[in-house]
Structures are given as structure tokens and as C-alpha cells.
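Peer 1: My questions will all concern the structure given below.
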Amino acid sequence: MDQATLRPMPRIGDKAPDFTANTTHGQLTLSQWQEGKWVLLFSHPADFTPVCSTELTELARREAEFAKRSCKLIGLSVDSIHSHLAWRENLKRILGVEIGYPMIADLDTKVASLYGMIHPGASETLTVRTVFVIDPKLTIRALVYYPLNVGRNVDELVRLLDALQTADAKGVACPVNWKPGDKVIVPPPKTVADVAERESHKEYERFDFYLNKKSI
């Protein structure tokens with residue numbers, strides 16, 4: 001693919017590019033299929049490849065965890081529908097896992113180009129391992145990239161989703177290695193009055209005026 005034809009990669013805070021595509025669940029349009037939920041849109045380099053096989057089946061095993069968080073999964077590669085369906089059946093036979101989420105057949109690379117999933121330095125034709133976390137307002141909230149030869153960490157994807165949803169719901173931030181049950185970060189003060197007001201919160205774990213943690 002001509003590198004000049006690739007669109008700029010969507011960034012955090014951008015509206016997720018809408019698309020209509022053929023999938024293993026039939027034709028779907030992202031904005032309609034989303035149904036007001038969070039979406040984990042992820043690409044893999046190719047069907048019938050070993051690392052991808054471990055990733056897609058692990059996501060399938062844990063799809064219920066994402067569903068509990070009101071998040072839908074949807075995969076993508078530049079393979080055909082026939083390849084997706086055959087691979088899906090093969091994975092069910094050899095690994096005992098049925099992939100329940102839709103897989104986009106992006107043969108014309110339309111969606112991959114919209115989302116900057118093809119990195120010519122890695123491959124001119126294959127999608128790298130991308131993850132886009134999209135919120136119910138179709139805003140891109142996080143991007144995760146892995147190279148062709150390293151599989152993703154599904155635990156981290158679940159943790160990331162938990163952190164984003166907690167931050168939204170509680171108006172807080174999440175520190176390094178945060179996981180549900182840990183203390184969160186109180187947003188930094190914006191005025192002198194905010195600094196003084198913090199002194200009254202005895203429940204805060206206070207390190208300095210700008211760094212305070214609390215339990216939720």
C-alpha cells in the first residue's frame with residue numbers, strides 16, 4: 001500500500017471513525033452495532049497464525065468479563081470472510097474455544113486505513129496488533145499497540161477498561177498499576193482555595209498538596 005494513501009491515525013479524544021463492514025455476523029455499521037456500549041476494536045495480522053490464535057481465543061474466553069463492563073468486542077484483519085469462518089471453526093476444534101464476537105473482513109483495508117492499523121515499517125499489507133477503546137459516545141479513550149511478534153495482555157485490557165470507567169464515574173484518576181479496590185488519585189487543585197480545602201479532608205492519604213489519594 002502507498003504510504004501516502006494512509007490517513008492520519010485517530011488519537012485519544014477523537015470521534016471514532018464510523019464504518020460499515022462485512023463481518024462474521026453479517027454487515028454491520030459501528031455506530032448502530034455499538035448500541036450505546038463501550039467497544040474494544042482490535043486488529044490482528046492474519047488468520048491461521050499462532051500468536052493471533054492465542055489472542056483471539058483468550059478474548060473469546062473472557063468475553064463475559066467485558067460484557068459485565070458493558071463492553072462489546074470486535075476484531076479485524078485484512079482476511080476474507082471465508083478465511084475468518086474457517087479459522088473460527090479450526091480454533092473451536094483445536095483449542096476448544098468458540099469465538100462469539102464479530103470479526104471484520106477488511107479485504108479492501110478500508111477500516112484499517114481509517115484507524116491507522118497498517119504500519120508500513122512493520123508490514124505493507126498486514127495490520128499490526130492495535131486496540132482502540134471506544135466509549136458510549138463513540139469517543140476514542142485509549143489506544144494500545146503491539147508488534148507482530150508479541151501478543152497482547154488481556155488482563156491489562158480489562159484493567160484499562162475498569163480504570164477508564166472508574167475515572168468517569170467518580171471524577172478521579174487512577175495511579176500506576178491501579179486495579180479495582182485500590183486507592184485513586186484526587187484530581188489536582190486548580191486554585192488557592194482548592195489547596196486550602198484539601199486540608200479538611202482527613203480521609204485523604206496526603207503526600208503533598210498536589211498528590212492525594214482516597215478510597216472509593
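Peer 1: Quick one: which of 108-115, 195-202, 179-186 comes out on top by average Cβ neighbours within 10 Å, and what's the full order, highest first?
Peer 2: The peptides rank, most packed first, as 108-115, 179-186, 195-202.
Peer 1: Would you mind putting 38-47, 154-163 in packing order, based on average other-beta-carbon counts within 10 Å, highest first?
Peer 2: Descending mean neighbour count gives 38-47, 154-163.
Peer 1: Here's a follow-up. Kirkwood Rh over Cα pairs of the chain into Stokes-Einstein at 4 °C, 1.567 mPa s: D in µm²/s?
Peer 2: Rounded, D is 68 µm²/s.
Peer 1: So between D194 and L95, what do we pick up on full extension, going 0.36 nm a residue minus the alpha carbon distance?
Peer 2: Value of the extension gain: 30.1 nm.
Peer 1: May I ask what percent, to the nearest 5, of DSSP beta bridges between residues of the chain are antiparallel?
Peer 2: If I count the DSSP bridges inside the chain, around 70 percent turn out antiparallel.
Peer 1: Is there a quick way to get the dipole size of the stretch 12-83? I mean about its Cα centre, with the Cβ of Lys and Arg at +1 and of Asp and Glu at -1; what is the value in debye to the nearest 20?
Peer 2: Dipole magnitude for the stretch 12-83 comes out near 300 debye.
Peer 1: Roughly how many nanometres apart are two label points built 7 Å out from the Cα toward the Cβ at D168 and D18?
Peer 2: Between D168 and D18, the simple spin-label model gives 1.9 nm.
Peer 1: Right, next: The stretch 132-162 to the stretch 20-49: how many Å between their Cα centroids?
Peer 2: Cα centroid of the stretch 132-162 versus Cα centroid of the stretch 20-49: 14 Å apart.
Peer 1: Going down the table (K15/K213; K72/K170; K15/K72), which pairs top 20 Å between alpha carbons?
Peer 2: Those over the limit are K15/K213; K72/K170.
Peer 1: At what distance in nm do the modelled label points of R159 and M9 sit from each other, each positioned 7 Å from its Cα along Cα→Cβ?
Peer 2: 2.1
Peer 1: Please identify the helices of the chain, taking whole runs of DSSP H, that span at least 18 Å along their own axis as judged from the Cα atoms and have a mean Kyte-Doolittle score of 1.0 or higher.
Peer 2: none
Peer 1: Once you have the Cα-Cα distance between H82 and Y210, take 0.36 nm times their residue separation minus that, and quote the gain in nm to one decimal.
Peer 2: Length gained between H82 and Y210: 40.5 nm.
Peer 1: If the cut-off is a Cα-Cα distance under 17 Å, which lysines reach K68, setting aside same-chain residues fewer than 8 apart in sequence?
Peer 2: K37, K179
Peer 1: Assuming R0 = 22 Å, can you tell me the calculated FRET efficiency for the pair Y145 and K68, based on Cβ-Cβ distance, to the nearest 0.05?
Peer 2: FRET efficiency, Y145 to K68: 0.25.
Peer 1: Hey, another quick one. For the pair H201/F48, report the inter-label distance in nm, with labels modelled 7 Å from Cα in the Cβ direction.
Peer 2: 5.7
Peer 1: Roughly how many debye, to the nearest 20, is the charge dipole of the chain about its Cα centre, given +1 on each Lys and Arg Cβ, -1 on each Asp and Glu Cβ, and no other charges?
Peer 2: That gives the chain a dipole magnitude of about 500 debye.
Laboratory data are not the source of any read-out in this text; all were calculated from the coordinates shown. Predicted model, so just to flag it, every value in this text is computed and none were measured. Neighbour counts are summed over all protein chains in view; Cβ atoms, including those assigned to glycine, are modelled from backbone coordinates with ideal geometry.
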